[in-house]
1. Could you give every pair whose Cβ atoms fall below 9 Å, whose first residue belongs to region 237-250 and is closer than 21 Å to LYS293 by Cα, and whose second residue is among the β-branched types (Val, Ile, Thr), counting only separations of at least 6 or pairs across chains?
2. Please find, within region 171-188, the residue that is most open to solvent (accessible area, probe 1.4 Å) out of those that are over 20 Å from PHE290 (Cβ atoms) and not acidic (Asp, Glu).
3. Yes or no: VAL138 over 22 Å from the mean Cα position of the chain (by Cα) and among the β-branched types (Val, Ile, Thr)?
4. Go through region 171-213 residue by residue and tally those that are within 12 Å of LEU113 (Cβ to Cβ) and touching a Ser or Thr at 6+ places or on another chain (Cβ under 6 Å).
5. Regarding region 50-70, can at least one residue be identified that is open to solvent by 90 Å² or more (accessible area, probe 1.4 Å), modelled with pLDDT of 65 or more, assigned to a helix (DSSP H, G or I) and closer than 30 Å to GLY189 by Cα?
6. Give the residues of region 72-92 that are open to solvent by less than 50 Å² (accessible area, probe 1.4 Å), more than 30 Å from VAL215 (Cβ to Cβ) and not in a loop (DSSP other than H, G, I, E, B), sorted by residue number.
7. Tell me, please, whether a residue that is small (Gly, Ala, Ser), surrounded by 17 or more Cβ atoms within 10 Å (Cβ to Cβ) and either at pLDDT below 95 or not in a helix (DSSP H, G or I) (or both) can be found in region 93-100.
8. Here are some residues: ALA261, ALA269, ALA298. Which one is in a loop (DSSP other than H, G, I, E, B) and modelled with pLDDT of 95 or more?
Amino acid sequence: MAKIKRHTPPPGWKNPLAPQQPLASARWLLGGVAATVGLEAVCVYTTFCLLFWQGQWQLVFKPSRTITATPATAGMKFDEISFDATETGILRLNGWWIPAQPNAPYATDTLLLLHDGSGSLSDSLPQLQALHTLGINVFAFDYRGFGKSLDVHPSEATTYEDADAAWRYLTDTRHLSPSRIVLDGVGLGAAIAAETARRHQQAPALILEDPLPPVLDSLHFDARTHILPIRLLFHDRFDPTETLARLRTPKLMVYSAHQAAGRYYAVAAEPKQQAIIANGQDHLNSLRSFLGKYLPGA
């Protein structure tokens with residue numbers, strides 16, 4: 001009877017025809033897909049947050065690079081001034097010096113105008129003409145990103161820096177006494193003027209004309225932006241409430257008849273005045289009365 005010889009497979013040998021174990025379980029695959037989708041969603045959300053953070057200046061500022069008129073257009077003498085040199089010698093800011101007549105009531109005083117967050121100096125020409133009639137020297141300039149000033153995106157921080165540069169130009173270059181420089185801010189510029197007064201408390205007076213509410217209170221966002229942490233991302237606040245509550249500089253808050261007056265006046269520290277104006281003459285009378293009360297030697 002023939003013997004059947006049995007062969008023992010060598011150690012580690014696997015039958016290629018035997019059923020194979022799956023390389024990965026279905027649960028593992030689903031978990032990997034979910035993690036990938038979640039990571040992509042986080043990246044997309046982060047990208048939207050970053051884009052909003054970088055582009056938010058467009059919600060606050062509406063600058064124009066065009067100068068369509070100058071004080072000469074309105075018959076006023078003026079000097080065009082370039083100032084605020086960088087380490088490389090680039091002059092970043094452009095402004096207008098409009099001198100008062102030598103025998104004017106405030107010929108030795110100066111009003112530093114901080115315009116609104118839209119347009120350029122050309123749009124401030126009616127305001128400049130009215131201020132000139134008060135008989136005071138007027139200096140106005142465009143923030144970076146506006147008019148002929150350096151072409152960069154403006155921000156709350158850069159406008160404060162630019163206002164400081166204008167103050168230094170008046171005190172260091174023109175050698176004007178800080179106690180004879182009145183700060184006047186219009187619209188968004190009112191918050192800039194308040195911050196400048198906080199930094200330079202030698203200023204004898206502060207004028208806020210139609211001051212805007214804090215930016216986050218006044219902007220109306222698209223409903224689709226509610227998924228973003230707007231209050232965390234928004235860095236241009238322009239909220240002078242706390243500054244006005246502590247600032248002891250004499251203040252005049254001027255509101256047009258159609259504006260909601262009193263928001264900042266209620267919290268502002270003394271001394272303070274408020275004026276509701278219906279026309280240009282009311283405006284000038286309010287400014288004359290205020291300047292006559294607080295300018296040195298007036």
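1. Cβ pairs passing all conditions: LEU244/VAL267.
2. In the first step, residues of region 171-188 are kept if they are over 20 Å from PHE290 (Cβ atoms); the result is 171-175, 188.
Add one more test, that the residue is not acidic (Asp, Glu), and what stays is 171, 173-175, 188.
Numbers: THR171: 27, THR173: 87, ARG174: 77, HIS175: 146, LEU188: 13 Å².
Among them, the one singled out is HIS175.
3. It is true that VAL138 is over 22 Å from the mean Cα position of the chain (by Cα) and among the β-branched types (Val, Ile, Thr).
4. 3
5. yes
6. Result: ALA74, single match.
7. Scanning region 93-100, I find at least one residue that is small (Gly, Ala, Ser), surrounded by 17 or more Cβ atoms within 10 Å (Cβ to Cβ) and either at pLDDT below 95 or not in a helix (DSSP H, G or I) (or both), so the answer is yes.
8. Of ALA261, ALA269, ALA298, the one residue that is in a loop (DSSP other than H, G, I, E, B) and modelled with pLDDT of 95 or more is ALA269.
The values are calculated or read from the model by the stated rules, or taken from the named source; none is laboratory data. From a predicted model like this one, the values you see are computed outputs, not experimental measurements. Neighbour counts run over all protein chains shown; Cβ positions are idealised from the backbone, glycine included. Side chains are part of the model used for accessible areas, which takes the heavy atoms of the whole protein and leaves out ligands, DNA and RNA. Shrake-Rupley method; radii C 1.70, N 1.55, O 1.52, S 1.80 Å.
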